[in-house]
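Notes follow the structure.
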Amino acid sequence: MKNKLTVKDLINIGVFTALYIVVFFVSSFIGYVPIFMVLLPVICAVVVGIPFMLFLSKVHTFGMVTVMSIILGFFAMLLGRPWPVLFIAVAAGVVAELLLKIKDYKSIKMAIIGSGVFSIWMMGMTLPMFFGYREPYFESIRAGYGDTFADTLYAITPDWMFFVLIVLCVVGGILGGLLGAAVLKKHFKKAGMA
């Protein structure tokens with residue numbers, strides 16, 4: 001493991017974060033159905049597993065995963081999500097990074113678990129549906145999608161659902177990690193990961 005981020009590391013972070021964002025947003029289009037909007041963090045966590053696992057096959061320097069989480073957090077804020085999304089993203093990135101570091105970034109099992117933990121950053125995207133942001137969020141949904149969509153979404157998102165979604169998001173991230181590990185087996189062997 002290297003001690004400092006290199007230019008190549010920064011390029012990898014930029015390329016894979018951009019790929020991650022594209023895959024994330026393409027998969028999020030299913031959110032036009034209320035139940036799928038609630039489950040977006042879970043569904044997206046599965047789908048982005050492949051590019052995230054490919055990114056992890058290139059990670060050999062402490063900080064790369066954390067930097068990616070910071071970029072995703074700021075990007076979510078630029079999309080109008082409240083500031084706690086950055087805190088959630090950074091916390092998820094740091095914990096995933098520490099898990100990966102335990103095995104010196106050489107364990108597929110830790111990469112899969114790290115994928116689950118990292119995916120928690122997406123819960124920051126759902127914050128407006130819950131807690132202090134709920135009423136203004138649903139007024140904007142009502143204006144954009146209509147009363148039926150807003151009322152259905154409101155009914156299926158009580159506050160306790162946020163905590164259920166965290167667990168489901170981790171499970172989705174692990175499933176995405178397993179999918180990514182299966183699809184990218186050759187890349188992991190080349191990276192010396194076992």
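FYI, it's all coordinate maths here, none of it is from the lab. This is a predicted model, so every value here is computed, not measured. All Cβ positions, glycine included, derive from the backbone under ideal geometry; neighbour counts span all protein chains shown.
So what are the three principal axis dimensions of region 108-194 from its Cα atoms, in whole Å, longest to shortest?
For region 108-194, the Cα spread along each principal axis is 52, 22, 16 Å.
Which log10 I(q)/I(0) values does the chain give at q = 0.18 Å⁻¹ under the Debye formula, counting every alpha carbon as one identical point scatterer?
-1.15
Where the eigenvalues come from the Cα gyration tensor of region 155-194, what are the semi-axes √(5λ) of the equivalent ellipsoid, largest first, in whole Å?
34, 8, 5
Expressed as a rounded percentage, what relative contact order does region 1-103 have, with Cα pairs under 8 Å and six or more residues apart?
Relative contact order for region 1-103 comes out at 31 percent.
If R₀ is 41 angstrom, what is the calculated FRET efficiency for the pair Leu10 and Ala155, using the beta carbon separation as r and rounding to 0.05?
Calculated value: 0.35.
In Å, what is the Rg of the alpha-carbon atoms in region 113-156, and how long is Dmax?
Answer for region 113-156, Rg first and Dmax second: 13.1, 39 Å.
Loop-only check: which chymotrypsin sites (Phe, Trp or Tyr not before Pro) in region 87-194 are DSSP coil with at most 12 other Cβ within 10 angstrom?
Qualifying residues, ordered by number: Trp160.
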